[in-house]
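Each reported figure results from applying straightforward, stated rules to the coordinates on display, with no laboratory input. Computed from a prediction, not measured in an experiment: that's the story for all the values here. Here the Cβ positions follow ideal geometry from the backbone for every residue, glycine too, while neighbour counts run over all protein chains shown.
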Amino acid sequence: MYRYDEFDHAFVAERVEQFRGQVARRIAGELTEDAFKPLRLMNGLYLQLHAYMLRVAIPYGTLSARQMRKLAYIARTHDRGYGHFTTRQNIQFNWPKLDDVPTILDELADVEMHAIQTSGNCIRNTTADPLAGVAADEIDDPRVYAEIIRQWSTLHPEFSFLPRKFKIAVTGSPNDRAVTRGHDIGLRMHRDLQGRPGFEVMVGGGQGRTPIMAKTIRNFLPVDHLLSYLEAVLRVYNQLGRRDNIYKARIKILVQSEGAEKFAELVEAEWLQIRDNAVDLPMEERDRIAAYFAPPRYDDLPDVCPALDLAIAADRRFAAWVESNVVAHKQPGYAIATISLKPHGGIPGDASADQMDAVATLSEKFGFGELRVSYKQNLILPDVAKADLLALWRALDGLDLGTANAGRISDIIACPGLDYCNLANARSIPIAQRISERFTDLQRERDIGDISLNISGCINACAHHHVANIGILGVNKNGTEFYQVTLGGVATEDAAVGAIIGPAFDEWQIADAVEDIVDVYLHQRQTDETFIETYQRIGPQPFKETLYGTDQARQAG
Amino acid sequence: MALIKHGKLADNIWHDTDEFAELQALAPLGPVIVDLDIWRQHRDEILAQIARIGGRIGLRLTPGQTPDLVAADLDHFELIELQFAKFTDGRAYSQARLLRGRHGFKSELRASGDILRDQLTFMLRCGFDSFLVATDHQAEAILEAVEEFAHWYQPALDQGATIPALRRRIHGAAGASTADCAAAWAY
Amino acid sequence: MSNIQNQNITSNMIVQAITANRLSDGYVVYLTERNSWSEQIEDCQAIDDLAVADDLLRRAERRAADDLVVGPYLFKIDNQGGQPVPLGRREILRTTGPSVGTDLDRR
């Protein structure tokens, strides 16, 4: 893992002191709310429906046991005993008091964490493949580049007041586990003919009101030019992005209005002017950062683990957990285990302080003290010896963290929605709870197989409903919540935006509608087809007919 | 209004005009700031007037006017003023970077409009060296903000060494001096 | 004491109250008849005159900095058995807190 040196420590400490001064000036009445708001947002502090909310960055989703314990401590001491992990690999605390926040930030700085740029119209926390460093299909570790981007983008003097927020995601694999096309800039690693690593640069993706998948503006960017190229993209956007309409201010609208080709020309012209100056990190600095991400000291283990095979044969529930929550590791004898934060009927992404502490301890016992946070709002232990999986699962099961549903229908992504969020139009969490309670039968979930179901409480689409196989968007009609369903979204390397299936459902109909959709799939699927494969083959019509009846479906269709 | 220049309160000697007629009445000309329209329409007359009777001219660019439009004329201006209509409109940061770094503008680069204390360091790092703010009190308050950070991660137009450069110095690799960093950034 | 009980409110009348978030902790507060802010919706001042409502809101906005509250605004309420009840899911949730668990400590 990356570790702060004296410069990182000093910088974060200075930032905390700066914010302490800003809070003091706000409380003393020297700063108006209008002037304070952008300052607190750039330190991750929102004012929500019931209280402040502090969003803490978990850079590229990597956490140490020590950091996880600190999050637990903050949840227990300065909040109400829990935290919410988000799709952007952040954690949110829902009840901090304003004058407590500088102290919380001090505590975070102790463990090399911060809340810088987790909000505001600036470059946000850069996200990455949660399986970075351990995935078998990886070309190079994306965390190295995400950390380089984190440092470069932190309090950038030119790009801190952009037309709108700006999100960058990096993946080091051809298989996209970071929804890179859904970001303002997506970086996907490839090798050139000489075998050198570089990035495909995709620009102008985003969800929200106008979901658009990012366009590739450069097929291959050598890694050593990463920062100058990013700077060129940002400079073009900062000057030309729209500032007259908040809904048209994201870079996706600029790329769309200029056309991807023209936009690429503008970027290339800017890049030509700056590509050989000091912004690009020298290779020795890249290597210095890369050294922090060296793999842990793995034991030399055989890949086949008879004890694991026996345990799988002996315990149906454990077998199901291994099937859904454990994936292959590049190191023989090791596995990657997902800790589900989606117990049936629970709040997606929430973890109690006790759970956080327990997971930290488990990570030390079974996983070199390292944890990951995935955009699917789950935790991951990236380095578990196969022989330890049973003991790990038993411990997790006792903590209500052993649900065997990663990638299943109850692995629902949900934003906080109207239960917490000031922007929301409808609640998300109770809908997620009701739907997941319909799918408590292990065998049924296995039978349904790989599927994604995401619920956003407003058009900002924090839960990525547009790219879910089944997307649910909460809307408000005269003070009453309704839920609009989209089908066919895909979040991986073949990213696609789902289409609205028909009129919205009310909060009591929506779980039935999801069951109906699943039933159509189960009746129509051919051997081994996943939900999305069946949908892509048969199209929306059979789903419409089941949901709305034949006549209405024809009208809606 | 109060002016901060090179880190101190200073008198504002510059006069604004939107009228070319008013400009012509000045003898010698200026110090006066004109907008891009006046400059484009009357460039030759203004230069002739300065040649004849002397004078000093400054230019005001709005956030949407790229510095490329006046790249060839920069030697004529003793001041360029960039505007922050709202503090959330960050276009002038890029304008400043381009004027200083790419086009080599060396004279006074002034920020005006909605300037907040907590943005001053960003402005300084983008090459601004004077700031026109609402009151003396505000000017004093924003001067305090300058010392809040010792070092920054990314190269910009200020003179301090960046954190990556300092690391290289400490870790013994080919160390880059402060001057190297500043020079390398001039593009 | 609920102020709404003392008023003769007919069903077609638009009744409003003023709410904000407290600066120190962001908690929801309501403007009372005595121009103070209370955490209890029962204490809210029910306003049935649109002009008065606008006037009170402007005054609340002007005083927000001194009162240490943020973003005052008007919302509609209904009289249910003598209790002021907000109309619409959003304001209901602001009075009750999140409709889902985990926040056992609230108030």
For the residue pair C:K76 and B:A72, what label-to-label distance in nm results when each label sits 7 Å from Cα along the Cα-to-beta-carbon direction?
6.4
What order do you get for A:H523, A:H84, A:H344, A:H9 when you list them from fewest to most C-beta neighbours inside 10 Å?
A:H523, A:H9, A:H344, A:H84
Please compute, for peptide A:233-242, the average count of beta-carbon atoms on other protein chains lying within 10 Å of each residue's beta-carbon.
3
Taking the Cα-to-Cβ direction at B:A48 and at C:I14 and moving 7 Å from each Cα, how far apart do the two end points lie in nm?
6.4
With +1 assigned to the C-beta of every Lys and Arg and -1 to the C-beta of every Asp and Glu, and no other charges, what is the dipole magnitude of the protein assembly as shown about the Cα centre in debye, to the nearest 20?
340
So if each residue of separation counts as 0.36 nm, and I subtract the Cα-Cα distance between A:Q256 and A:D519, what length gain in nm does that give?
90.9 nm
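At 0.36 nm per residue, minus the direct Cα-Cα distance, what do A:N245 and A:T546 gain on full extension? Give it in nm, one decimal, please.
Residue separation times 0.36 nm, minus the Cα-Cα distance, leaves 104.4 nm.
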Summing +1 for each Lys or Arg and -1 for each Asp or Glu, what net charge is found among the other residues whose Cβ lies under 13 Å from the Cβ of A:D383?
+1
Student exercise, segment B:1-52 dipole from Lys, Arg, Asp, Glu Cβ charges, in Debye to nearest 20
340
Taking every eigenvalue of the Cα gyration tensor of the protein assembly as shown, multiplying by 5 and rooting it, what semi-axes result, largest first, whole Å?
47, 36, 26
Note: A:T210 to A:L301 extended length (0.36 nm per residue) minus current alpha-carbon separation gives 27.8 nm
Across peptide B:143-152, how many C-beta atoms of other chains are within 10 Å of each residue C-beta, on average?
3
Could you please tell me the mean projected area of the C-alpha convex hull for segment A:50-184, averaged over all directions and given in square nanometres to one decimal?
8.9
Dipole of chain A, positive end: most advanced residue of A:Q331, A:Y4, A:G205 [Cβ charges, Cα centre]:
A:G205
Along the positive direction of the dipole of segment A:470-557 (beta-carbon charges: Lys, Arg +1; Asp, Glu -1; about the Cα centre), which of A:L547, A:V518, A:F531 reaches farthest?
A:L547
Compute the Cα gyration tensor for chain B, then decide on rounded, prolate or oblate, letting a ≥ b ≥ c be the square roots of its eigenvalues: rounded whenever a/c is under 1.5, prolate when a/b is larger than b/c in the other cases, and oblate in all that remain.
prolate
Could you order peptides A:308-317, B:85-94, A:393-402, C:37-46 by the average number of other Cβ atoms within 10 Å of their residues, highest first?
B:85-94, C:37-46, A:393-402, A:308-317
Karplus 3J(HN,Hα) series, Hz, for segment C:47-62 with 6.51 cos²θ - 1.76 cosθ + 1.60 (x for Gly, Pro)
10, 10, 10, 4, 5, 5, 4, 4, 5, 5, 5, 4, 5, 5, 5, 5
Ignore the peptide's own chain and count Cβ atoms of other chains within 10 Å of each Cβ in A:218-227; give me the average, rounded.
0
Projected convex hull area of segment A:413-556, Cα atoms, direction-averaged, in nm², equals 8.7
Rounded to a whole number, the Stokes-Einstein D of segment A:306-398 in µm²/s (Kirkwood radius over Cα pairs; 25 °C; 0.890 mPa s) is 182
Spin-label model distance (nm) - B:R169 vs A:F220, 7 Å beyond Cα toward Cβ
3.9
Where the centroid of each part is defined by its Cα atoms, how far is segment B:122-159 from segment A:263-313 in Å?
36
On the formula 1/(1 + (r/R0)^6), with r taken between the Cβ atoms of A:R76 and A:Q273 and R0 of 35 Å, the FRET efficiency rounded to 0.05 is 0.10
Cβ-isolated cysteines (cut-off 4.7 Å), chain A:
A:C122, A:C305, A:C421, A:C458
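What number, rounded to the nearest 500 deg cm²/dmol, is the helix-based mean residue ellipticity at 222 nm of chain A, given -39500 (n - 2.57) per DSSP H run of at least four residues and division by all its residues?
-11500 deg cm²/dmol
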Under the definition of Cα pairs under 8 Å and six or more residues apart, what whole-number percent is the relative contact order of chain A?
12
Distance from the Cα centre of segment A:372-395 to that of segment A:11-40, in angstrom?
39
Protection proxy ranking of C:21-32, A:276-287 - average other beta-carbon atoms within 10 Å, highest first
C:21-32, A:276-287
Determine the distance separating the Cα centre of segment C:9-78 from the Cα centre of segment A:142-209; give it in Å without decimals.
45
